[in-house]
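What follows is calculated from the coordinates using simple rules that are stated; it is not laboratory data. Computed from a prediction, not measured in an experiment: that's the story for all the values here. Using ideal geometry, Cβ is built from the backbone for each residue, glycine included, and neighbour counts are taken over all protein chains shown.
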Amino acid sequence: MVKFHYRDSPTDKQKNTFKKYLSEDEELVLLTGFSQAYIRSKFIIYLLFPGMFFLGLSLGLGWVLGLDKILVLVLGLVLMFMAAILRTMHIYHANRYLLTTRRVIIKKGLFSVKLTAALFDKITHLEVDQSFVDRLFLHHGTIIINTAGLNKGEIQLQFIDYPLELKNLLERLINREREQFGLRGATLTEVEGEIIS
C-alpha cells in the first residue's frame, strides 16, 4: 500500500490566515512549504552561524566581566539555540506554497510579502527536478511550473517534500479546473477574433 503524503486539508486556522491572499471564488486546497529535511539542515547551519557567534560573544563577555563560567556557558548555549530556532522558524513561515481551487501561489516573506501566482489555465506543463540524493535520502525536490504569460515563463516550488506526489495532485487540480470550465479536450480555433490555421 502506497502512503500518500498530501492528504490533509488545511485547518480552519490556516484557511483564515491565508484567506487574504485568495479571491472570493477560490478555496485553499493545500498549504505546504519547504521540506522537513531542508528545515533541519538550515537549523544545523544556523547553529553554526549565527549560533556560534552568540556562544562566542557570551563567553567573551563572561570572561571580560569575570562571571561564573558555567552560567556564561549555559547562557551562550541558550542564545545559540534560540538564534537557530528563530532563524529556522522565519525560513519556514516566510516561504509558503498555496494550492487553491484555481491557482498555485508562492508567498515569500513575513513582514513584506511577495506573491507569485499562476492560474491553472495558464500552466502549460510541470517538471520535477530531483537529484539522486534528494530522491533517495531527503525525499524532496523542485517542481518547475511552466506557464504562458509570465515574463520568466516558469515558477519554482523549491525543496518540496515528495515532489512527484505534489505534481500529481497539482495535475489533478488543473484537470478539474479545466473540466469545470469545459477546456479539457477542446481545440482552440479562435483567439480574440483571429482564426488559427
- prompt: Of LYS13/LYS167; LYS19/LYS108; LYS122/LYS167; LYS3/LYS107; LYS13/LYS42; LYS19/LYS114, which sit over 21 Å apart, Cα to Cα?
  reply: LYS13/LYS167; LYS3/LYS107; LYS13/LYS42
message: Can you divide the C-alpha Rg of the chain by 2.2 N^0.38 Å and report the result to two decimal places?
response: 1.38
statement: Phi angles of the stretch 41-46, converted by Karplus (6.51 cos²θ - 1.76 cosθ + 1.60, θ = phi - 60°) into ³J(HN,Hα) in whole Hz with x for Gly and Pro, give 5, 5, 4, 5, 5, 6
task: Please report, in Å, the Rg and the Dmax of the stretch 39-90, where both are computed over Cα atoms only.
output: 11.6, 37
field: Charge sum, other residues only, whose C-beta stays under 14 Å from LEU48's C-beta, Lys/Arg counted +1 and Asp/Glu -1
entry: +3
task: Could you please rank ASP12, ASP129, placing first whichever residue has the fewest other Cβ atoms within 10 Å of its Cβ?
output: ASP12, ASP129
Distance (nanometres) between label positions extended 7 Å along Cα→Cβ at VAL133 and LYS20: 3.9 nm
